[in-house]
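Asker: Please read through the structure below; I'll follow up with questions.
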């Protein structure tokens, strides 16, 4: 837990006033408390987690339950209006911005997104349902993503359409296409 928190602090350049950092500390603490055995010893830590989570939710407008799986160097770039489902899975180096929702497509249809590594999610984007977002993906602002996005693509629009990212094409591949 402490190594992850130190890494999170480095991600936020040591700025302890960043609301995203507060949420990550509550999240890491919540994940860590599950390692305490037996359950009876864990109960006071669970109470502390609930207070931390509720406080961070009220102060930041970010809902990140500890049941979600978040990789290393997860960065909440701007706070407010962020909701992440408890069964969402996110890889390493994911960046999200304000107004993002990652979760269920509709009630009664379980399953949340699985998001790869090095993914950037723009402000106001909605990533919904049992879908997979590949590595090195950019999701545009206000996009509504309800289908898989392959690695190295960009998702834009409502509903989102996938576009290959040209910035990921190497110069030698680019010459072969012409």
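What follows is calculated from the coordinates using simple rules that are stated; it is not laboratory data. Computed from a predicted structure; not experimentally measured. When we count neighbours, we look across all protein chains shown, and the Cβ atoms used for this are built from the backbone with ideal geometry, even at glycine.
Asker: Based on the mean of other Cβ atoms within 10 Å per residue, sort peptides 10-17, 84-91 so the most packed one is first.
Answerer: Going by the mean number of other Cβ atoms within 10 Å, highest first, we get 84-91, 10-17.
Asker: Also, I was wondering about something else. What list do you get for 56, 46 if you sort them by fewest beta carbons within 10 Å?
Answerer: So the residues, fewest neighbours to most, are 46, 56.
Asker: Let me ask something else about it. Counting only C-alpha contacts under 8 Å and six or more residues apart, can you give the relative contact order of the stretch 1-65 as a whole percent?
Answerer: The normalised contact order for the stretch 1-65 reaches 35 percent.
Asker: Among [x] 10, 35, 32, 16, 5, 1, 0; [y] 10, 42, 38, 10, 1; [z] 9, 39, 38, 13, 1, only one was calculated for this model; which label is it, if the read-out is P(r) over Cα pairs in 10 Å bins from 0, in percent?
Answerer: [x]
Asker: Specify the angular offset, from 0 to 90 degrees and rounded to the nearest 10, of the alpha carbon long axis of helix 19-33 from the longest principal axis of the alpha carbons in the chain.
Answerer: For helix 19-33, the angle is close to 60 degrees.
Asker: Run through all the Cα pairs of the stretch 1-65 and give the fraction in each 10 Å bin from 0, expressed as whole percent.
Answerer: Cα pair-distance distribution for the stretch 1-65, in percent: 23, 48, 25, 4.
Asker: Once R0 is set to 35 Å, what does the formula 1/(1 + (r/R0)^6) return for the Cβ-Cβ distance between residue 47 and residue 106, expressed as a FRET efficiency to the nearest 0.05?
Answerer: 0.60
Asker: If each DSSP helix of 4+ residues adds -39,500 (n - 2.57) and the sum is divided by the residues in the chain, what number results at 222 nm, nearest 500 deg cm²/dmol?
Answerer: Mean residue ellipticity, 222 nm, calculated: -9500 deg cm²/dmol.
Asker: Where in the stretch 96-139 does the amide nitrogen come within less than 12 Å of the point 7 Å from the Cα of residue 69, taken along Cα to Cβ?
Answerer: Within reach of a label on residue 69, which here means backbone N under 12 Å from a point 7 Å along Cα→Cβ, the stretch 96-139 contributes 112-116.
Asker: Using the number of other C-beta atoms within 10 angstrom as an exposure proxy, rank 49, 34 with the fewest first.
Answerer: 34, 49
Asker: For the stretch 54-107 and the stretch 17-53, what is the separation of their Cα centres, given in Å?
Answerer: Result: 16 Å between the Cα centres.
Asker: Calculate how steeply helix 39-60 sits against the longest principal axis of the alpha-carbon atoms of the chain, using the helix alpha-carbon long axis, and give the answer as 0 to 90 degrees to the nearest 10.
Answerer: Taking the Cα atoms of the chain, the angle to 39-60 is about 60 degrees.
Asker: How high is the relative contact order of the chain? Use alpha-carbon pairs under 8 Å, at least six apart in sequence, and give a whole percent.
Answerer: Answer for the chain is 12 percent.
Asker: Rounding to the nearest 10 and keeping the result within 0 to 90°, find how far the Cα-based axis of helix 2-11 lies from the longest principal axis of the chain.
Answerer: The helix 2-11 is inclined about 50 degrees to the chain.
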